[in-house]
């Protein structure tokens, strides 16, 4: 089975910090496995901006390659407006792209910060996403 998911930026950060972590497995599944990434241009810009921050010490070529590889496998969608409120306005796009995908099929928002999003069954942690995949 194939799963559609929006990956919050914190999942990519965690994966790049430790590739063998659960977020690392989720990113690996998005690059060559069971997860089809869901994106739009705003998410790509957010990925690039956050992953390029000096504090992470990621190589620019590694950041560019990860974003390129995710983009090649991705489905690009337009946002579906949500009336929900968010502590961080930068998180809204991740939620709204998930809503767009859910019009046609199951889709997940994978985040390490579930408290930043509305409490919905499709907003899951990396561990929960891995459990969903492994239940198949």
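The values are calculated or read from the model by the stated rules, or taken from the named source; none is laboratory data. Because the structure is predicted, anything quoted here is derived from the model rather than measured. Note that we place each Cβ from the backbone using ideal geometry, even for glycine, and neighbour counts take in every protein chain shown.
Report, by residue number, each residue of the stretch 114-136 that is part of a loop (DSSP other than H, G, I, E, B) and at pLDDT 95 or above.
So in the stretch 114-136, the residues part of a loop (DSSP other than H, G, I, E, B) come out as 117-122, 125, 135-136.
Those that are part of a loop (DSSP other than H, G, I, E, B) and at pLDDT 95 or above: 117, 118, 119, 120, 121, 122, 125.
Of the conditions (1) under 12 Å from the mean Cα position of the chain (by Cα); (2) buried (at least 19 other Cβ atoms within 10 Å of the Cβ), residue 10 clears all except one; give me its number.
That leaves (2) as the condition not met.
Could you please find all residues in the stretch 72-89 being surrounded by 14 or more Cβ atoms within 10 Å (Cβ to Cβ) and in a helix (DSSP H, G or I)?
Across the stretch 72-89, the qualifying residue is only 73.
Among the residues of the stretch 92-112, write down those that are over 15 Å from residue 37 (Cβ atoms) and at pLDDT below 95.
104
So residue 4 ticks every box in (1) outside any strand (DSSP E or B); (2) touching a residue at least 40 places away in the same chain (Cβ under 8 Å); (3) surrounded by 15 or more Cβ atoms within 10 Å (Cβ to Cβ) but one. Which box is left unticked?
Among (1) outside any strand (DSSP E or B); (2) touching a residue at least 40 places away in the same chain (Cβ under 8 Å); (3) surrounded by 15 or more Cβ atoms within 10 Å (Cβ to Cβ), residue 4 violates only (1).
Just to be sure I understand, how many residues within the stretch 108-136 are crowded, with 16+ Cβ neighbours inside 10 Å and closer than 21 Å to residue 89 by Cα?
Qualifying residue count for the region: 12.
Enumerate the pairs (first residue in the stretch 119-135 and farther than 13 Å from residue 25 by Cα; second residue anywhere and part of a helix (DSSP H, G or I) and at pLDDT 95 or above) with beta-carbon separation below 8 Å, excluding pairs fewer than 6 apart on the same chain, so at least 6 apart or on different chains.
122/98; 122/102; 123/95; 123/98; 123/114; 124/114; 124/132
Using the structure shown, decide if residue 69 is surrounded by fewer than 17 Cβ atoms within 10 Å (Cβ to Cβ), closer than 18 Å to residue 15 by Cα and touching a helix residue (DSSP H, G or I) at 6+ places or on another chain (Cβ under 6 Å).
Spelling it out, residue 69 is indeed surrounded by fewer than 17 Cβ atoms within 10 Å (Cβ to Cβ), closer than 18 Å to residue 15 by Cα and touching a helix residue (DSSP H, G or I) at 6+ places or on another chain (Cβ under 6 Å).
If you scan the stretch 34-63, which residues turn out to be touching a residue at least 12 places away in the same chain (Cβ under 8 Å), more than 18 Å from residue 112 (Cβ to Cβ), over 13 Å from the mean Cα position of the chain (by Cα) and in a loop (DSSP other than H, G, I, E, B)?
Selection gives 34 alone.
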